[in-house]
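Scroll down for the structure; my scribbles are underneath it.
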Amino acid sequence: MDTIKRIWGLVKPYKKHLIGGLILQTIVIVAMLVKPYITKFIVDDVITKGLYDKLIPFCIMLLGLTVLTGGCNFLRSVLYERMSQSAMWDLRTGLYAHLQEMPYEFFDKHRVGEIMSLMTGDIDGVRHLIAFGIIHVYEQALRFVGAFIFMMTMSWQITLLVLALTPLIAVMAWVFNKKVRPLFREVREQNATLNTITQENLAGMHVVKAYAQEPYEEERFNKENQKLADMHLKVSWLWSSFVPFMDILGSLCTPIALLGGLLLTINGTLDIGTMVGVTGYIWMLVDPMRQLPNIINMVTNAVTSAEKLFYYVDFGASIKEPENAMSPKEFKGHVVFDHVNFSYGHQMVLKDICLEAKPGETVAIMGATGSGKSTLVTLLGRFYDIHSGSLKIDGIDVRQHSIKPLRRQIGYVMQETFLFSDTIADNIRYGDPSGDMERVKRSAKVAQATEFIDHMPQGYDTVVGERGLGLSGGQKQRTAIARAVMIDPAILILDDSTSAVDMETEYQIQQELKEVLKDRTTFIIAHRISSVKNADQIIVLDNGEIAERGNHKTLMEKGGIYYQMVMDQMSSAVKVEKEVQ
Amino acid sequence: MARVIRQLDDEALEKPFNKQQFVRLLRYMKPYKKQVGFSLVLMVIAMASGLANPYLMSRAIGELQVKATENMPWILGGMVLLAIVGAVCTRYRIRWMDSAGRRALATLREDLFHHIQGMSFSFFDTRSAGKLLVRVINDVNSLNDLFTNGIVNVLIDCMTIVLLVIIMMAVNWKLTLIGMCILPLLIFILFKVKRIMRLRWQRVRVKNSTMNGYLHESLTGMRVTEAFVREDENDDTFRSVNSDIRSSWMKAVTINNLFWPMLDLTGNIGTVLVYIFGVEFIKADPLFLADLLLIIWYLGRFWQPLNTLSNFYNSLLSATASMERIFEIMDTESDIQDKEDAKPLPPIKGRVTFENVTFSYDREKTVLKDVSFDIAPGNTIALVGPTGAGKTTIVNLLSRFYDPTEGSVKIDGYDLRDLQLTSMRKQMSVMMQDTFIFSGTIMENIRYGRLDATDEEVIEAAKTVSAHEFIMNMPKGYQTEVNERGSSLSQGQRQLISFARALLNDPKILILDEATSSIDTRTEMLIQKALDALLKNRTSFVIAHRLSTIRNADCIFVVQDGKIAEKGNHEELIKLPGGHYRSLCEAQYRFMTADE
């Protein structure tokens, strides 16, 4: 009930459309009900009784009614379509804006496919209810009642005779609906399975070919393909067992009415015109019965969809703009972690982190996969909230910062590089859409991306991303670095962002960055010693705790984890070095 | 300002009818000739029983008019019987026709998939996986209508129309001709208006898929959006995309909803015409009423076959587009195929010979120039050199993903082009830089290297490449479900799994494109150990990035500008003053140790 009320909330701004549509629909149905009456008069008065001069007026009435029903129906549908489309527009754009406010945690928990199906399938379900559901229920009910009354006035005996048959149709339709729905779902799922298998086969083609596993792949594909055909046939089977017979039940109503008519005409109580008229109503009595299960289905589906949608709407953004949001006049990038704890679900990810990074300093973070390195840097932009302790940027706790200005000061190069299907230039200025080409090129130069961009078919206007030209891992990473440099951030985060770049290029990038971001704070996560050894501070994380800290020199002297890592990585290099000398 | 959305679908939605391809498609129905024939017969019966109904109705009314009763039971009984016969025929027609259509479609899809499996890499280079996926799934699906209903329906509908005209003419030809005045109008609405309708709906679909594409990408990149504070611009874009959908939808729905009233009005004009002129006949003979009603009812049956015909016409256009796309792929011959007299490769030792090999991907730019070498079984070759120098091309030619433009590649003295592809690849393992993980268990992923391997063998292989430990630490060990996306495996772990996969295959020749990505030191050590195990006793070609791998190689090829510039082991090459290899090593060392 609550859900229905909320769906009503979506329709409410378009009340005028709704009411106008209902009025128009009433006119349509009354006109439709009157039509068989005219046929009756034509047959009775004009043909049987010979009042031929009445024919033309009746014909004009018939055409007039047709135009009236057609016109009103058309207007009604346009009103309802506009209403439903607008309500959907509101819902979808609203939800999208809402999703953009969601913390990272939300996207960790909900997969893109899941949100997509919500934004397309479920929204469409609700749209369907708004566009057809309301009016459909009203129309069928009114038609049924109206046809019933009109038929009763013509011949109550025939009406009751026909009425006795209709529940049977409703029951059949109901049973059919119940049985066919799970089958439809199976077909959809099997389609998805086949889709996945094909997609994987194509994506992993080099592995398939490398191991000459084509026969195996074909066997797998054919199995699922046959299964899909079989499922489709199951639906056909069910369909063929029900639908034709529902149709005959409907058409059997006519001979039954005729039988009744026969008995009555013999008694002389029924005009032939009435008989013809009654046959015009039969379908109006039968059709609502056939539609009943569909309507019930549509409403229940729409309500389920709406419940899902509202769940997302209610999923409040846990990270909100603080009430007395502050923003420093000028960001310097002074970062202080003070006994910060952070847990994800029930798992402690960061424990008692204390760390200070002064403007202009470079902090390098090392540690094994899963030790909490990435989490630590995402706290800076308040993509997650810390649980206890405090994290201050330029003296203000991140939870007191106005969110968007804060994030604008952070150039974040993520571990998994994502580029949009857009030109390279627009990708680089993603955080600063109005930035001029001059600056785009300068940022690309810092990231050592100029050379490969110049080699692309359309240079900076080459479309990349999923729907564009594929870039190599290293090229993507360099573009992402340019994107971060472009916003001229106070704090730069490099999360394992040169892993696919060869050492020489990485060295050059570092040199350039040093130049451009002279007094900015830099956080760098890396595995290669060469990437981190020049940092002002190096911290080694182990299981969410800072296991070691210092700079290259002090840590080497200490001879701990860091020292071991350096030794492992240098061993081969040192050997080479000796040989070179 | 809203961002311009890149269009995703640049494919033709419709194509003019192509008879040749249509006939080719029909061949898939051939095995089901009998079923189609039966269905045709059943449909004719169902159609006839449907057409007889108004006739019997009108006779019944005629009987009632004169209050005659003796024929009524027959007429009513006939109506019931016809209804049942019609339903039964329809039932079996749906079953047979659908099963024929679906099976034919499944065969077509199998053939298409089979063909794609046989294609070489140059085919996949020029086509995106997404587009191929659409061929196999959507394009084949879109032929369903044509297969299951389209063709048979058209035959039946043409028959229905002819039959209708004959019956009506027989009853009263004058009135029939009057009533048929509406036909031109009806045809106009059904063919012309429907056409516009269809084009508009197509537009809605295109707009919708644009929105889907945008949304999907936007959700995938939401972290970037939030990090770079682009929410407001994205909101604007999304709003305008949705407004596009709304306005195209309203355009489509407006014409759509005019369709039925127009049809209805046309029908009623026909009815009124028949009444007006029919009255003259009634004046002469009151009993003509039954015939009059008959003509009116039959007139009402005209639109349906015409409607299906127009639907068929429309679906034929889009089916042709799908058909052409499917056949385009099936007509593309793989440029790497077994020769007629290709021999299976006997168990090999692993000698690899390149004889004056020249290669070009596009026949314009030469990637490899006259490369020759001969590698004895069991040796490890490290390929080093700048990106684009031709390292990958050498291994691609060796695994016969491409054929050389000139010269020849031989294994144990056999020219690759004379061998059966499968028999050759079975004795070889190729590992690309980006490891692919299939969705399934870890066990299944490793077993992909050799399908008949036992669980013990799989575990043994995992142990040898030091993957066993981390696998056992996963929630369900070897039975843990993994997949390509959202996988819980780290880069290093994925590599170890692919090593195990290769080891299980126990190839005589191993090709490895070493990953550049840095991996945490612990896993890094594991991988080095695993590599040693993997490379032992095999002829191996490694596109190497690790110094240790390079150092341990029996021979290092420095590839530069499509040629092997230097050849020799580490000790030999490092001594070449001013050599490429020497300067490469120096540079690496400098980055490692450079201070400030």
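Secondary-structure-derived ellipticity at 222 nm for chain B, considering helices only, amounts to -19000 deg cm²/dmol, per-run term -39500 (n - 2.57) for DSSP H runs with n ≥ 4. When both the range B:521-543 and the range B:546-578 are represented by their alpha-carbon centers, they are found 18 Å apart.
For the range A:91-314, a/c is not less than 1.5, where a ≥ b ≥ c are the root eigenvalues of the C-alpha gyration tensor, and a/b does not top b/c. That puts it in the oblate class. DSSP finds beta bridges in chain B, and of those with both partners inside it, around 55 percent are antiparallel. Let me check I've understood the local charge: for A:Gly411, count other residues with C-beta under 12 angstrom from its C-beta, Lys and Arg +1, Asp and Glu -1. What total comes out? So the environment of A:Gly411 carries a net charge of +1. Direction-averaged projected area, Cα convex hull, the range B:146-283: 11.9 nm², rounded to one decimal. The antiparallel fraction among DSSP beta bridges confined to chain A stands at about 50%.
The three principal axes of the C-alpha atoms in the protein assembly as shown carry coordinate ranges of 124, 81, 52 Å, sorted with the longest axis first. Measuring between their Cα centroids, the range B:349-363 and the range A:293-331 lie 60 Å from each other.
The fraction of all Cα pairs in chain B landing in successive 20 Å bins from 0 to the largest distance is 14, 33, 27, 16, 8, 1, 0, given as whole percents. Along its first, second and third principal axes, ordered by size, chain A spans 123, 63, 49 Å in Cα coordinates. Counting only DSSP H runs of at least 4 residues, each contributing -39500 (n - 2.57), and dividing by the residue count of chain A, the helix-based mean residue ellipticity at 222 nm comes to -21000 deg cm²/dmol.
In terms of its Cα atoms, the range A:1-150 spans 82, 25, 24 Å along the principal axes, sorted from long to short.
Of all aspartates and glutamates in the structure, those lying under 17 Å Cα to Cα from B:Lys174, and not within fewer than 8 positions of it along the same chain, are B:Glu280, B:Asp285, B:Asp291. Ordered by the count of other Cβ atoms within 10 Å of each Cβ, fewest first, B:Ser540, B:Ser548, B:Ser128 give B:Ser128, B:Ser548, B:Ser540. Looking at the calculated P(r) for the range B:66-168, what percent of the C-alpha pair distances fall above 22 Å? Counting pairs separated by more than 22 Å, the tail of P(r) holds 59 percent.
Cβ crowding within 10 Å, taken as a proxy for footprinting-reagent exposure, orders B:Glu226, B:Glu355 from fewest neighbours to most as B:Glu355, B:Glu226. Within a straight-line Cα-Cα reach of under 26 Å, B:Lys476 can be paired with the following lysines, leaving aside sequence neighbours fewer than 8 residues apart in one chain: A:Lys109, B:Lys463, B:Lys529.
Among A:His206, A:His232, the ranking by other beta carbons within 10 Å of each residue's beta carbon, starting with the fewest, stands as A:His206, A:His232. Counting only DSSP beta bridges with both residues in the range B:361-515, the antiparallel share comes to about 50 percent. With Rh defined as the Kirkwood radius, the inverse of the mean 1/r over Cα pairs, the Rg/Rh of the range B:21-331 is 1.11. Shown in residue order for the range A:380-396 are the 3J(HN,Hα) couplings computed by the Karplus curve 6.51 cos²θ - 1.76 cosθ + 1.60 at θ = phi - 60°: 4, x, 6, 7, 10, 9, 6, 8, 8, x, 9, 10, 10, 10, 6, x, 10 Hz (x for Gly and Pro).
Listed values for the range A:323-335 are Karplus-derived 3J(HN,Hα) couplings in whole Hz (6.51 cos²θ - 1.76 cosθ + 1.60, θ = phi - 60°), namely 5, 9, 4, 10, 8, x, 4, 9, 6, 10, x, 8, 10, and x replaces Gly and Pro. Each residue of the range B:448-453 is assigned a 3J(HN,Hα), and the resulting list reads 4, x, 7, 5, 8, 5 Hz, derived from the Karplus form 6.51 cos²θ - 1.76 cosθ + 1.60 (θ = phi - 60°), x at Gly and Pro. For the range B:435-506, the alpha-carbon radius of gyration amounts to 0.95 times the rule-of-thumb value 2.2 N^0.38 Å expected for a compact globular protein.
Rounded, prolate or oblate: which one fits the range B:312-464, using the alpha carbon gyration tensor with axes a ≥ b ≥ c (rounded when a/c is under 1.5, else prolate when a/b beats b/c, else oblate)? Judged from the Cα gyration tensor, the range B:312-464 comes out oblate (a/c at least 1.5, b/c at or above a/b). How many angstrom lie between the C-alpha centres of the range B:231-284 and the range B:295-338? The range B:231-284 and the range B:295-338 have Cα centres spaced 24 Å from each other.
A straight Cα-to-Cα reach below 21 Å connects A:Lys518 with the lysines A:Lys329, A:Lys332, A:Lys358, A:Lys441, A:Lys445, A:Lys533, residues fewer than 8 places away in its own chain not being considered. Residue-normalised convex hull volume from the C-alpha trace of the range A:171-238: 56 Å³ per residue.
Rule-based calculations on the coordinates, nothing more; no lab input. This one's a predicted model, so the numbers in the text were calculated from it and none came from an experiment. Here Cβ is always computed from backbone atoms with ideal geometry, including for glycine, and neighbour counts include all displayed protein chains.
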